[in-house]
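Below is one structure, written out as structure tokens; the observations come after it.
The values are calculated or read from the model by the stated rules, or taken from the named source; none is laboratory data. Predicted, not measured: the structure shown is a model, and the values here were computed from it. Every residue, glycine among them, receives a Cβ derived from its backbone with ideal geometry; neighbour counts consider all protein chains shown.
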């Protein structure tokens, strides 16, 4: 009996650590299967092209996930299926117009039990910003064919583009961009002496909509739309 007890004790000493090690290995395997699905979304468009969405899906190992179902819905529930595009490295496709700018992306993947739903904002700009004021301090207007003074401030104004968050004012001479300024308003002032006297100037105002973060640091999505404005020629003396 004594020998039998010693044998059993020795077996327990061997088996218990083995069982604990087996349990630990099972737990690690289960935790490694709990994949986290990371999502990044880019929506871009312009007044001359249809708006398109890119949805990037990554597993916890950093590899792209290609076998998921991805759809994007506008504010009225109209859906568009995004298919995986190997050239883009993402689920890619055109999106329906959303009057409010609200979109919902739904992802169904074998890596997650429930459907992943993400809300993003995007406004596709279709109209152009039309310059309706370009004059100097003496109220001489380039729209009326007058030559402006290079020593005076140049006052610019333009029409609103619905959905635009910022406007880019650009001035060219001989086809080269020589001045640019961003404005969230519908006006801009160019300080006197900034532009030299001469001809062959033209200016334009491009409207832009920007939301999210292009580096995906503060946001999981980035959306951008641009409407290029018409050119207006003017002279300075």
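Figures for the structure shown
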read-out	value
Flag if residue 170 is under 30 Å from residue 99 (Cα atoms), at pLDDT 95 or above, under 36 Å from the mean Cα position of the chain (by Cα) and not assigned by TED's automatic domain parsing to the domain that holds residue 101	yes
Matching option when the condition is farther than 18 Å from residue 137 by Cα and within 30 Å of the chain's Cα centre (by Cα), among 199, 182	182
So residue 152, is it under 30 Å from residue 74 (Cβ atoms) and in a loop (DSSP other than H, G, I, E, B)	no
Hits in the stretch 47-67 (condition: assigned to a strand (DSSP E or B) and either without any contact (Cβ under 8 Å) to a residue 40 or more places away in the chain or surrounded by 14 or more Cβ atoms within 10 Å (Cβ to Cβ) (or both))	49, 51, 52, 53, 54, 55, 56, 57, 58, 64
Selected residue (criterion: nearest to residue 57 (Cα to Cα)) from residues of the stretch 73-94 that are under 18 Å from the mean Cα position of the chain (by Cα) and outside any strand (DSSP E or B)	89
Matching residues, the stretch 109-139, being surrounded by 13 or more Cβ atoms within 10 Å (Cβ to Cβ) and over 30 Å from residue 157 (Cα atoms)	109, 111, 112, 116, 118, 120
In the stretch 112-136, residue nearest to residue 220 (Cα to Cα) [restricted to those that are outside any strand (DSSP E or B) and without any contact (Cβ under 8 Å) to a residue 24 or more places away in the chain]	115
Qualifying position, being in a strand (DSSP E or B), touching a residue at least 12 places away in the same chain (Cβ under 8 Å) and not assigned by TED's automatic domain parsing to the domain that holds residue 214, among 97, 70	70
Test result for residue 152, in contact with a strand residue (DSSP E or B) (Cβ under 8 Å, 6 or more places away or on another chain), closer than 30 Å to residue 192 by Cα, at pLDDT 95 or above and crowded, with 16+ Cβ neighbours inside 10 Å	no
Subset of the stretch 195-227 (residues that are surrounded by fewer than 17 Cβ atoms within 10 Å (Cβ to Cβ), modelled with pLDDT under 95 and assigned to a loop (DSSP other than H, G, I, E, B))	196, 197
